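J.: Take a look at this one; I'll ask things after.
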Amino acid sequence: MSSSAGGAGAGGGGADIASLLEKAKELDQLKKDQDEVVTEINKIHKKVLASPEMVDKSVDAILLKLRGLYARAKELSESEVSASTALIGLLDGLLQSGASTAQRKKIEVGEQKKKRIKSDTDTARFSAASMRNQLDQAANLKGEQVAARVKSDDEKDEWFVVKVIHFDKETKEYEVLDEEPGDDEESTQKYERKYKLPMSCIIPFPKKGDPSSAPDFGQGRQVLAVYPGTTALYRATVASHRKRKSDDYILEFDDDEEDGSLPQRAVPFYRVVALPEGHRQ
């Protein structure tokens, strides 16, 4: 009894385990007391069997002693039943607590899994909604002028002002028109260039009639801007602070040196966009 109870105590912790150990010790002591009583009873039985004449001389004393021993044995037995019942109750409580803890952990894991699934689902829905929104915005650019990277290699990116003719939602490609006539290398005729470009090659310009919605680039910020008198965009640095969002930007274009210094040029806010990451010029 003591060894099994001790094993149960080793496997747990807290007040219930302490009570369990106390009851186990109590049972151990009851067992020892019972063994002592049984030993005394057996000794008397042996004496009686070995010397029947002794019983005749002191029968009352022997019977009284036996009665006391059996009464004590009964008392110890009842105490053992009580202690065993208490132990069983404590063990049942610990087992139920362990099962409850396992069940709670199972529920918590299930809830966490549900939250992850919901989070993944919400992220997927958000991503899908964001993509649809981007596609709708791209389609709404039809007829608008935008900044387009029409050429890119290891050394240089070329950006021009173009007009959106069409946007294909399936291929996610713009069809754009360079309205500035180009020279045909094999003739003296002028012609318009058309390009098919992915979404990453297009930057919408701020709305001319809505300066409040345009980004505000502070002094020292590098931007991509239309060089005055052309339809080409180049990297430039904001040279001074603007008082109003509708004011022109004062810019210093890279590689635009005159007499060893960079001239400051005014560019309308609706012809200035954020500098693309990794821009080469």
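J.: Does Gln96 fit the bill of being open to solvent by 70 Å² or more (accessible area, probe 1.4 Å) and in a helix (DSSP H, G or I)?
T.: On the way: open to solvent by 70 Å² or more (accessible area, probe 1.4 Å): yes; in a helix (DSSP H, G or I): yes.
In short, yes.
J.: Give the residue that is surrounded by the most Cβ atoms within 10 Å (Cβ to Cβ), with candidates limited to residues of region 190-225 that are part of a helix (DSSP H, G or I) and out of contact with any helix residue (DSSP H, G or I) (no Cβ under 9 Å at 6 or more places or on another chain).
T.: Initial filter on region 190-225 (part of a helix (DSSP H, G or I)): 199-201, 211-213.
Those left that are additionally out of contact with any helix residue (DSSP H, G or I) (no Cβ under 9 Å at 6 or more places or on another chain): 200-201, 212-213.
Numbers: Ser200: 9, Cys201: 22, Ser212: 9, Ser213: 9.
Applying the filter and picking the extreme gives Cys201.
J.: I would also like to ask the following. Hand me the list of strands (runs of 3 or more DSSP E) wholly inside region 231-281 holding 1 or more residues that are free of Cβ contacts under 8 Å to residues at least 60 places away in the same chain and either surrounded by fewer than 16 Cβ atoms within 10 Å (Cβ to Cβ) or not assigned by the TED database to the domain that holds Lys151 (or both).
T.: Details: elements: 232-238, 249-253, 265-267, 272-274.
Once the strands (runs of 3 or more DSSP E) in region 231-281 are filtered for at least 1 residues that are free of Cβ contacts under 8 Å to residues at least 60 places away in the same chain and either surrounded by fewer than 16 Cβ atoms within 10 Å (Cβ to Cβ) or not assigned by the TED database to the domain that holds Lys151 (or both), what remains is 232-238, 249-253, 265-267.
J.: Which of the residues spanning region 51-67 are modelled with pLDDT under 75, open to solvent by less than 80 Å² (accessible area, probe 1.4 Å) and part of a helix (DSSP H, G or I)?
T.: Correct list: Pro52, Met54, Val55, Val59.
The values are calculated or read from the model by the stated rules, or taken from the named source; none is laboratory data. Worth saying up front: this structure is predicted, and the values here are computed from it rather than measured. We place every Cβ from the backbone using ideal geometry, glycine too, and count neighbours over all the protein chains shown. Accessible surface areas use protein heavy atoms only, side chains included; no ligands, DNA or RNA. Shrake-Rupley method; radii C 1.70, N 1.55, O 1.52, S 1.80 Å.
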